[in-house]
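Enquirer: If you scroll down you'll find the structure; I have some questions about it.
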Amino acid sequence: MSFIRLRDGWREFITVGEFTSEVAKAMGLRVPLLYLSKDSLTHINRKHPDISDLDLTAAPFVLKHGLIVREVRKPRMYLASHEGLHCSKRMGLSMKVAEPDREGYMTSFYRVKRRQMKAWLKRCEIIKTHD
């Protein structure tokens, strides 16, 4: 992932990772890719200064091996999280499905606390469990 090119305006968005076909179908995506825009990267850097570019490289791993849930009250919003060898702390990312193109965009990336996970599970529907 080229965060520098994204920050400098050389690109409008970059590809973060790829969903399995089952997850992409459950999310209603036309293309099984997750993108990151310059605005979302700026948001992550501003709101979560503890997240470095190195931490962001764990996002594809979180997508591939992590728990993915859909917010029941906001059906276009999804959350993913994973804790494991690649991620020493539980990391989470927020995603949205953009209309009308049905493309997936990462909106945030952050550390997730245990109580946040409990809240997610109460208000969300599970799309994919951890690997």
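The values are calculated or read from the model by the stated rules, or taken from the named source; none is laboratory data. Just so it is clear, the structure is predicted and the values come from calculations on it, not from any experiment. Every residue, glycine as well, gets a Cβ built from its backbone with ideal geometry; the counts of neighbours run over all protein chains shown.
Enquirer: Take the range 26-70 and flag every residue that is among the basic types (Lys, Arg) and surrounded by fewer than 15 Cβ atoms within 10 Å (Cβ to Cβ).
Expert: Within the range 26-70, ARG30, ARG46, LYS47 qualify.
Enquirer: Right, something else. For the range 14-35, name all the residues that are touching a Ser or Thr at 6+ places or on another chain (Cβ under 8 Å) and either within 19 Å of ALA58 (Cβ to Cβ) or of a type in the set (S, T, N, Q) (or both).
Expert: Matches in the range 14-35: ILE14, LEU33, LEU34, TYR35.
Yes or no, residue by residue, for (1) modelled with pLDDT of 95 or more; (2) closer than 19 Å to ARG111 by Cβ:
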{"position": "THR20", "(1), (2)": "no, no"}
{"position": "ALA24", "(1), (2)": "yes, no"}
{"position": "ASN45", "(1), (2)": "no, yes"}
{"position": "ILE51", "(1), (2)": "no, yes"}
{"position": "THR57", "(1), (2)": "no, yes"}
{"position": "LEU63", "(1), (2)": "no, yes"}
{"position": "ARG70", "(1), (2)": "yes, no"}
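Enquirer: Here is a list: LEU34, LEU41. Which entry is of a type in the set (A, V, I, L, M, F, W, C), closer than 20 Å to PHE3 by Cα, touching a Leu at 6+ places or on another chain (Cβ under 7 Å) and free of Cβ contacts under 8 Å to residues at least 40 places away in the same chain?
Expert: Result of the check over LEU34, LEU41: LEU41.
Enquirer: Which residues, counting only those in the range 100-131, are surrounded by 14 or more Cβ atoms within 10 Å (Cβ to Cβ) and either part of a loop (DSSP other than H, G, I, E, B) or among the hydroxyl-bearing types (Ser, Thr, Tyr) (or both)?
Expert: ARG102, TYR105, THR107, SER108, TYR110, VAL112
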